[in-house]
Amino acid sequence: QVQLAESGGGLVQAGGSLRLSCVASGIAFSFADMEWYRQAPGMQREWVARISSSGFKNYADSVQGRFTISRDNGKNTVVLQMNSLKAEDTGVYYCRAVQYGYWGRGTQVTVSP
(Lines give C-alpha, C1' and ligand atoms only; values in the text may rest on other atoms or scores of the structure.)
Protein backbone atom coordinates (compact mmCIF):
# COMPACT_ATOMS: atom_id res chain seq x y z
CA GLN A 1 0.00 0.00 0.00
CA VAL A 2 1.44 3.33 -1.08
CA GLN A 3 1.38 6.10 1.51
CA LEU A 4 2.79 9.60 1.45
CA ALA A 5 2.58 11.48 4.73
CA GLU A 6 3.33 15.20 4.82
CA SER A 7 4.09 17.10 8.01
CA GLY A 8 5.65 20.31 9.21
CA GLY A 9 3.05 22.86 8.19
CA GLY A 10 1.83 25.60 10.47
CA LEU A 11 1.31 29.30 10.96
CA VAL A 12 4.29 31.60 10.47
CA GLN A 13 4.82 35.30 9.95
CA ALA A 14 6.02 36.67 6.64
CA GLY A 15 9.78 36.38 6.42
CA GLY A 16 9.83 33.24 8.52
CA SER A 17 10.70 29.64 7.69
CA LEU A 18 9.10 26.23 7.73
CA ARG A 19 10.44 22.78 6.97
CA LEU A 20 8.04 20.32 5.40
CA SER A 21 8.66 16.59 5.32
CA CYS A 22 7.05 13.81 3.33
CA VAL A 23 7.63 10.20 4.34
CA ALA A 24 6.89 7.61 1.69
CA SER A 25 6.08 3.94 2.12
CA GLY A 26 5.10 1.20 -0.29
CA ILE A 27 7.27 2.52 -3.12
CA ALA A 28 10.83 2.09 -4.31
CA PHE A 29 11.64 5.53 -3.00
CA SER A 30 15.23 5.78 -4.19
CA PHE A 31 14.04 5.28 -7.78
CA ALA A 32 11.16 7.75 -7.58
CA ASP A 33 11.16 11.36 -8.68
CA MET A 34 9.42 13.39 -5.97
CA GLU A 35 7.55 16.66 -6.22
CA TRP A 36 5.92 19.24 -4.00
CA TYR A 37 2.75 21.04 -5.04
CA ARG A 38 0.58 23.57 -3.26
CA GLN A 39 -3.00 24.71 -3.48
CA ALA A 40 -4.25 28.05 -2.24
CA PRO A 41 -7.94 28.51 -1.39
CA GLY A 42 -10.00 28.80 -4.56
CA MET A 43 -6.98 28.19 -6.76
CA GLN A 44 -5.70 25.30 -8.81
CA ARG A 45 -2.96 23.11 -7.46
CA GLU A 46 0.41 24.38 -8.64
CA TRP A 47 3.79 22.74 -8.93
CA VAL A 48 6.46 23.97 -6.53
CA ALA A 49 9.57 21.82 -6.80
CA ARG A 50 10.90 18.51 -8.02
CA ILE A 51 13.84 16.32 -7.16
CA SER A 52 14.75 13.45 -9.42
CA SER A 53 15.91 10.05 -8.26
CA SER A 54 19.45 11.18 -9.10
CA GLY A 55 19.08 14.39 -7.08
CA PHE A 56 18.51 16.89 -9.87
CA LYS A 57 16.33 19.77 -8.65
CA ASN A 58 13.86 22.14 -10.32
CA TYR A 59 11.85 24.97 -8.81
CA ALA A 60 8.93 27.15 -9.78
CA ASP A 61 10.00 30.72 -10.48
CA SER A 62 7.90 31.92 -7.58
CA VAL A 63 9.96 29.98 -5.02
CA GLN A 64 13.39 29.90 -6.68
CA GLY A 65 16.04 31.08 -4.24
CA ARG A 66 13.74 30.76 -1.22
CA PHE A 67 12.78 27.07 -1.14
CA THR A 68 15.10 24.06 -1.17
CA ILE A 69 14.04 20.50 -1.91
CA SER A 70 16.11 17.57 -0.70
CA ARG A 71 15.75 13.86 -0.13
CA ASP A 72 17.04 11.21 2.24
CA ASN A 73 16.72 7.84 0.57
CA GLY A 74 17.69 6.04 3.77
CA LYS A 75 14.62 7.51 5.46
CA ASN A 76 12.30 7.51 2.42
CA THR A 77 11.82 11.21 3.02
CA VAL A 78 11.66 14.30 0.85
CA VAL A 79 12.00 17.68 2.52
CA LEU A 80 10.98 21.16 1.45
CA GLN A 81 12.84 23.88 3.33
CA MET A 82 10.94 27.15 2.93
CA ASN A 83 12.62 30.43 3.83
CA SER A 84 11.62 34.08 3.43
CA LEU A 85 8.00 33.04 3.36
CA LYS A 86 5.40 35.36 1.87
CA ALA A 87 1.65 35.59 2.35
CA GLU A 88 1.20 34.22 -1.17
CA ASP A 89 2.93 31.00 -0.11
CA THR A 90 -0.16 30.15 1.95
CA GLY A 91 -1.87 26.92 0.97
CA VAL A 92 -2.01 23.19 1.42
CA TYR A 93 1.26 21.56 0.43
CA TYR A 94 1.27 18.09 -1.10
CA CYS A 95 4.01 15.70 -2.05
CA ARG A 96 3.80 13.42 -5.02
CA ALA A 97 5.67 10.33 -6.16
CA VAL A 98 5.83 11.01 -9.88
CA GLN A 99 6.16 7.52 -11.29
CA TYR A 100 3.46 6.18 -8.99
CA GLY A 101 0.96 8.98 -9.41
CA TYR A 102 0.21 9.06 -5.70
CA TRP A 103 -0.40 12.11 -3.56
CA GLY A 104 -0.26 12.69 0.14
CA ARG A 105 -3.11 14.30 2.08
CA GLY A 106 -1.28 17.57 2.44
CA THR A 107 -0.14 19.87 5.21
CA GLN A 108 -1.44 23.39 5.74
CA VAL A 109 0.94 26.33 5.54
CA THR A 110 -0.35 29.74 6.56
CA VAL A 111 1.82 32.83 6.26
CA SER A 112 0.52 35.96 7.99
CA PRO A 113 1.40 39.31 6.40
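Once you keep just the Cα pairs under 8 angstrom separated by 6 or more residues, what percentage relative contact order results for the chain?
37 percent
Can you compute the modelled spin-label distance between Asp72 and Ala14, with each label point 7 Å from Cα toward Cβ, in nm?
Going from the Asp72 label point to the Ala14 one covers 3.3 nm.
Counting only protein heavy atoms and a 1.4 Å probe, tell me what percentage of the chain's accessible area is made up of carbon and sulfur.
Whole-percent figure for carbon plus sulfur exposure: 48.
On average, how much accessible surface per residue is there in the chain, in Å², for a 1.4 Å probe, leaving out ligands, DNA and RNA?
52 Å²
In a Debye calculation with equal point scatterers on the alpha-carbon sites of the chain and no solvent, what is log10 I(q)/I(0) at q = 0.10 Å⁻¹?
-0.25
The values are calculated or read from the model by the stated rules, or taken from the named source; none is laboratory data. Everything numeric here is computed off the predicted structure, so don't read it as measured data. Every residue, glycine among them, receives a Cβ derived from its backbone with ideal geometry; neighbour counts consider all protein chains shown. Accessible surface is based on the protein model in full, side chains and every heavy atom, while ligands, DNA and RNA are left aside. Shrake-Rupley method; radii C 1.70, N 1.55, O 1.52, S 1.80 Å.
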